[in-house]
Amino acid sequence: MYREKSDLSGRAAFITGGGRGIGLCTAEALLEHGARVVISDRDPAVLEAGRAELAEKGWEIDAVTLDVTDSKAVARAAADANERHGGIDILIANAGIAWPDTPGESMTDEVWHKVVDVDLNGCYWSCREFGRAMLERGRGSIVTVGSMSGLISNKPQRQVHYNAAKAGVHHMTRSLAGEWAPRGVRVNSVAPTYVDTAMSRGGFTDDALMPTWMASTPMNRPARADEIASAILFLATDASSAMTGSIVTVDCGYTIW
Ligand SMILES: NC(=O)c1ccc[n+]([C@@H]2O[C@H](COP(=O)([O-])OP(=O)(O)OC[C@H]3O[C@@H](n4cnc5c(N)ncnc54)[C@H](O)[C@@H]3O)[C@@H](O)[C@H]2O)c1
């Protein structure tokens, strides 16, 4: 019974920002559990590299270019994917950007909007468009990718835009979860700590920053992208069937302190 709960055979998943990093690892995790997977990404070169990496490992996937800040494009992508795959059962709303170290008192409107547009608005457009079709079918599982930055304020970097957007993702997740639970659609979020991906590589290669980050991390290490993907996988499958509105921290203990 427990194996069956994790089996995604016959289900279709759509991942935003899936060309690399946590999104690409999640694609592999879902594929290994039997799902059909569509990866999407704003950057066609990143998307193609991600598709080729999975193809080399023997996985066949669908890949579509999609910028999540364009709500009309998200609506079209959701309609297409639902049509092509006979209904999308799982959405991983993962696309995100971070803009390091921008002091709160001098951030421009442009920088604020850019981060909030991708990290919060894009996540909501994705949930809304894929969620609507799930509600029509009476089932689905959505996993948003938030951040521990939505729960704590990172130090020493100054990133009020990112922190606020990710807190928004968490509360949006809980709000949608409450609305959609009676109609068969679960919505949960994963809140990762630092992970060595393209997004945070600047910090990983900064001799001053890493020791500060690790001094605040009980396990004294960052998480790997596959460790985040494992939590996303769990929330996507029926193994988490009693969970909705949960914000699951995968943070090597960072938020304990
Ligand atoms: N890496 C970390 O330390 C860390 C920590 C906490 C949370 N996260 C979150 O994890 C998620 C994945 O990040 P990652 O670490 O894998 O970074 P990444 O940069 O490797 O991957 C993000 C992907 O999103 C894509 N993307 C960016 N803007 C987009 C847009 N407008 N539309 C569609 N795709 C877009 C990028 O092209 C990229 O492929 C993000 O939401 C991020 O905020 C990351």
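Between 175, 153, the distinction of being of a type in the set (Gly, Ala, Ser), within 16 Å of the ligand (Cβ to nearest atom) and open to solvent by 10 Å² or more (accessible area, probe 1.4 Å) belongs to 153 only. In this structure, does residue 174 turn out to be farther than 22 Å from residue 253 by Cα and either assigned to a helix (DSSP H, G or I) or modelled with pLDDT under 95 (or both)? The answer is yes for residue 174. Count, please, the residues in segment 187-206 that happen to be more than 10 Å from the ligand (Cβ to nearest atom) and either open to solvent by less than 20 Å² (accessible area, probe 1.4 Å) or in contact with a Ser or Thr (Cβ under 8 Å, 6 or more places away or on another chain) (or both). Going through segment 187-206 one residue at a time, the tally reaches 3.
Being outside any helix (DSSP H, G or I), crowded, with 20+ Cβ neighbours inside 10 Å and of a type outside the set (A, V, I, L, M, F, W, C) is the filter here; which residues of segment 127-150 pass it? Listed by number, the residues that qualify are 140, 141, 144, 146, 147. Look at (1) under 19 Å from the mean Cα position of the chain (by Cα); (2) over 24 Å from residue 15 (Cβ atoms); (3) free of Cβ contacts under 8 Å to residues at least 40 places away in the same chain and you find that residue 213 fails only one, number (1). Consider segment 68-102 and keep the residues that are within 11 Å of the ligand (Cβ to nearest atom) and assigned to a strand (DSSP E or B). The one that is surrounded by the fewest Cβ atoms within 10 Å (Cβ to Cβ) is 93.
Being away from the ligand (no atom under 12 Å from the Cβ), in a helix (DSSP H, G or I) and closer than 21 Å to residue 144 by Cβ is the filter here; which residues of segment 20-67 pass it? Selection gives 28, 29, 30, 31.
The values are calculated or read from the model by the stated rules, or taken from the named source; none is laboratory data. A quick note: this is a predicted structure, and the numbers were derived from the prediction, not measured. Quick reminder, even Gly has a Cβ in these numbers, built from the backbone with ideal geometry, and neighbours come from all protein chains shown. Ligands, DNA and RNA are stripped out before the accessible areas are found, and what is left, the full protein with its side chains, is counted by its heavy atoms. Shrake-Rupley method; radii C 1.70, N 1.55, O 1.52, S 1.80 Å.
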